[in-house]
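Before any comments, here is the structure.
The values are calculated or read from the model by the stated rules, or taken from the named source; none is laboratory data. Everything numeric here is computed off the predicted structure, so don't read it as measured data. FYI the Cβ positions are ideal-geometry reconstructions off the backbone, even for glycines, and counts take in every protein chain you see. Quick note on the areas: whole protein, heavy atoms, side chains included, nothing else; ligands and nucleic acids left out. Shrake-Rupley method; radii C 1.70, N 1.55, O 1.52, S 1.80 Å.
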Amino acid sequence: QVQLVESGGGLVQPGGSLRLSCAASGFTFSSYVMDWYRQAPGKERELVASIFSGGTTYYADSVKVRFTISRDNAKNTVYLQMNSLKPEDTAVYYCGTVVLGRQYWGQGTQVTVSS
C-alpha cells in the first residue's frame with residue numbers, strides 16, 4: 001500500500017533553514033508528481049511546492065526563491081529545503097501524492113519558526 005513518511009521538522013529561529021524529507025513506498029515513485037502542502041492552525045491546507053516526474057517544479061508565490069523541492073528516485077524520497085524561514089511558515093507540513101485517482105498523505109511534520 002502507499003505510504004508516505006515525513007521527517008525533518010522542528011523549531012528554528014527566523015532566518016534559519018530546515019530540510020524536510022518524505023520517504024515513499026508502495027507505488028512507482030519515479031512516475032508520480034510529489035507535493036508538499038502545509039496547514040497552519042485555523043487555516044486550510046495549502047500547496048507549497050510540487051515536483052513532476054520529469055523534474056519540473058512549481059512553487060507557491062509565498063515560498064518562491066526561499067524553498068526548493070527535489071527528488072531522489074533511487075531513494076524514493078522527496079525533499080523540501082526551506083531557507084530564510086519566517087514565522088508565517090509555521091505549520092504542519094505534509095507530503096502528498098495522487099495514485100490511481102486517490103489522494104495520499106503522510107502523517108505530517110511540525111515546523112515552528114520562532115525566536
inquiry  = Let me spell out the model: positive unit charges on the Cβ of Lys and Arg, negative unit charges on the Cβ of Asp and Glu, origin at the Cα centre of the chain. What dipole size does that give, in debye rounded to 20?
reply    = 100
inquiry  = Could you derive backbone 3J(HN,Hα) for segment 92-108 from the dihedral phi with the Karplus parameters 6.51, -1.76 and 1.60 (θ = phi - 60°), listing whole Hz in sequence and x where the residue is Gly or Pro?
reply    = 8, 9, 10, 8, x, 7, 10, 10, 6, x, 10, 7, 10, 10, x, 7, x
task = At 1.4 Å probe size, with every protein chain present, just tell me what the per residue accessible area of the chain comes to in Å².
result = 52
inquiry  = Once R0 is set to 25 Å, what does the formula 1/(1 + (r/R0)^6) return for the Cβ-Cβ distance between V65 and L100, expressed as a FRET efficiency to the nearest 0.05?
reply    = 0.15
task = Read phi for every residue in segment 62-72 and hand back ³J(HN,Hα) as whole Hz from Karplus 6.51 cos²θ - 1.76 cosθ + 1.60, θ = phi - 60°, with x for Gly and Pro.
result = 5, 10, 3, 6, 8, 10, 9, 9, 8, 9, 10
task = Take the Cα pairs of segment 67-115, get the Kirkwood Rh, then feed it into Stokes-Einstein at 25 °C and 0.890 mPa s and tell me D in µm²/s.
result = 194
query = Extent of the chain along each principal axis, from alpha carbon coordinates, in Å, largest to smallest?
reply = 41, 26, 22
ask   = In the chain, what % of DSSP beta bridges are antiparallel (nearest 5)?
value = 90
ask   = Under a 5 Å amide H to amide H cut-off, with H placed in plane at 1.01 Å, what residues pair with L85 once short-range neighbours are removed?
value = G15, G16
key: Zone residues, segment 43-66, relative to S17, backbone N less than 12 Å from point 7 Å out along Cα-to-Cβ   = 66
